[in-house]
Amino acid sequence: MRKVIRISLWLAILAVVAFILMLSASIYTFHALTDETLIAELEFDRTGEQRYRAYLRTGDFCSELVFDVPGEQWRVDAQFLKWKYWATLLGLDSQYRLERLEGRYRSAADQNEKPTLAHALAPPSAIDIGGLSGALGRFNFLADASYGSSTYHDIDTASRYLVFKSPTGLFTRSVPRGAAVSGGDGLDVEVRRACGDGPGLLGGAAELVNRTVDRSE
């Protein structure tokens, strides 16, 4: 009987540890929210009538992602995660995660009738933090709110679009294509690590957990 109890206890401990690892890996896919900070850059080349090729840089801004975007406008969506007050006092900052890039038409009729295309930007996540916080209800002791924020703009191939985050949402500024972006005049480029560096020990572990869970589904 004691052996069964010990085995059950160890299984319970392992289950808790596994859950904490998946939760930590999911939270790692978000980024800390502090002040107004540049989080993405977008440039476009025209490829046809209401068709564009988008060049997106995020994170450390060292690499570039290329997407086809139909429409006359672009839109970027992000998920925001706000912690409860006591967690913020302990130093747990609010978080954001870029979710999607897609094309957009000015006309609602065109949006309903013409081709649309959306591109996922978020890495796989072991746990849906927003869904979990809602499911826990009054037993949710950590997350205060999970919500979406979007920003969109007309496409101009002569412009570079700078997507900023504030503690509450996304907004966009534009500069001439090829113009330098410095730390002055309210433009603050946040470089998280040097180009070519790996994700680090915690980041590597989080990516491994998320990829493993994603493949098993």
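Just so you know, all these numbers are worked out from the coordinates, no wet-lab data involved. Note that the structure is a prediction, hence the values are computed from the model and not measured. FYI the Cβ positions are ideal-geometry reconstructions off the backbone, even for glycines, and counts take in every protein chain you see.
What list do you get for Leu38, Leu9, Leu81, Leu117 if you sort them by fewest beta carbons within 10 Å?
The fewest-first ordering by Cβ neighbours comes to Leu9, Leu117, Leu38, Leu81.
Given a Förster distance of 35 Å, report the FRET efficiency between Arg177 and Ile13 from their Cβ-Cβ distance, rounded to the nearest 0.05.
0.05
What are the residues whose amide H is under 5 Å from the amide H of Ile155, where those residues sit 5 or more places off or on another chain and H is modelled from the backbone?
Amide H neighbours of Ile155: Gln73, Trp74.
If you take the beta carbon distance between Thr168 and Ala108 as r and set R0 to 22 Å, what does 1/(1 + (r/R0)^6) give as a FRET efficiency, to the nearest 0.05?
Here the calculated transfer efficiency is 0.25.
Fewest first, what order do Trp74, Trp10 take by the number of other Cβ atoms within 10 Å?
In increasing order of surrounding Cβ atoms, one gets Trp10, Trp74.
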